[in-house]
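Structure first, commentary second.
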Amino acid sequence: MLLFLIGFMGCGKSYTAKHLAPLLQIPYLDMDKEIEKAEHQSIAEIFHKKGEPYFRELEHVFIQELDKDAQFIISTGGGAPCFYNNMDLMNEKGLTIYLNRNKQDVIDRLLRGQYKRPLIADFSREELEKFYDSKLQDRKVFYEQAKLFAYDQTTEELAQQIEIYLQKN
Ligand code: S3P
């Protein structure tokens with residue numbers, strides 16, 4: 001079973017995947033970290049040296065190559081569902097879960113980890129808030145194709161929600 005955690009950057013996908021893993025007894029993978037390992041460079045370096053389209057292709061190939069019979073909780077990059085047919089592929093291969101968090105928490109987290117994220121690296125708080133509003137508006141249409149939605153939930157609550165969903169489906 002593949003579980004995909006999707007959602008805007010800073011909503012806690014990596015943290016949630018890591019903490020869901022022992023609760024559901026499924027190992028986790030961080031898509032960005034796997035790409036960094038394979039390319040021997042950070043996401044910021046990939047963006048700067050090879051450009052965003054190259055990075056988007058790496059995300060797409062990563063999703064394409066996943067074996068749907070494998071067992072992983074995968075935290076995806078915030079843009080991954082919005083390029084190519086990635087959202088359809090993820091929905092075909094496993095259970096997609098849209099993580100969403102209140103805006104202020106997301107903005108605070110993003111301000112703390114800005115250097116890691118090339119799309120927002122130079123923004124002030126005000127610019128970041130504007131970026132968040134317009135980007136989320138564009139991306140929502142993809143995120144909302146997920147099979148499960150989680151808003152401001154604890155990892156334990158989400159684990160329960162997933163177990164109930166899997167029992168019914
Ligand atoms: C991106 C989100 C990042 C990373 C890259 C681009 C995006 O992942 O993949 O910087 O387009 O939203 P996180 O969502 O883990 O920050």
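Observations
- Filter result (in a helix (DSSP H, G or I), surrounded by 13 or more Cβ atoms within 10 Å (Cβ to Cβ) and more than 12 Å from the ligand (Cβ to nearest atom)) within segment 23-53: 23, 24, 39, 50
- Some residue of segment 4-21 being within 9 Å of the ligand (Cβ to nearest atom), within 29 Å of residue 105 (Cα to Cα), under 13 Å from the mean Cα position of the chain (by Cα) and of a type in the set (Lys, Arg): yes
- Among the candidates 59, 163, residue that is of a type outside the set (Val, Ile, Thr) and surrounded by fewer than 16 Cβ atoms within 10 Å (Cβ to Cβ): 163
- The number of residues in segment 132-152 that are free of Cβ contacts under 8 Å to residues at least 12 places away in the same chain and either within 11 Å of the ligand (Cβ to nearest atom) or touching a Ser or Thr at 6+ places or on another chain (Cβ under 9 Å) (or both) comes to 0.
- Single match in 41, 64, 71 (criterion: farther than 18 Å from residue 15 by Cβ, in contact (Cβ under 8 Å) with a residue 40 or more places away in the chain and not hydrophobic (A, V, I, L, M, F, W, C)): 71
- Selected residue [without any contact (Cβ under 8 Å) to a residue 60 or more places away in the chain, part of a helix (DSSP H, G or I) and not β-branched (Val, Ile, Thr)] from 92, 156: 92
- Complete set of residues in segment 108-127 that are surrounded by 18 or more Cβ atoms within 10 Å (Cβ to Cβ) and in a helix (DSSP H, G or I): 110
- Just one of the listed residues (96, 76) is of a type in the set (Ser, Thr, Tyr) and more than 13 Å from the ligand (Cβ to nearest atom), and it is 96.
- Residues (part of a loop (DSSP other than H, G, I, E, B) and modelled with pLDDT of 95 or more) located in segment 136-153: 144, 145, 146, 147
The values are calculated or read from the model by the stated rules, or taken from the named source; none is laboratory data. Computed from a predicted model, the values in this text were never measured in an experiment. All Cβ positions, even for glycine, are placed from backbone atoms using ideal geometry, and neighbour counts span all protein chains on display.
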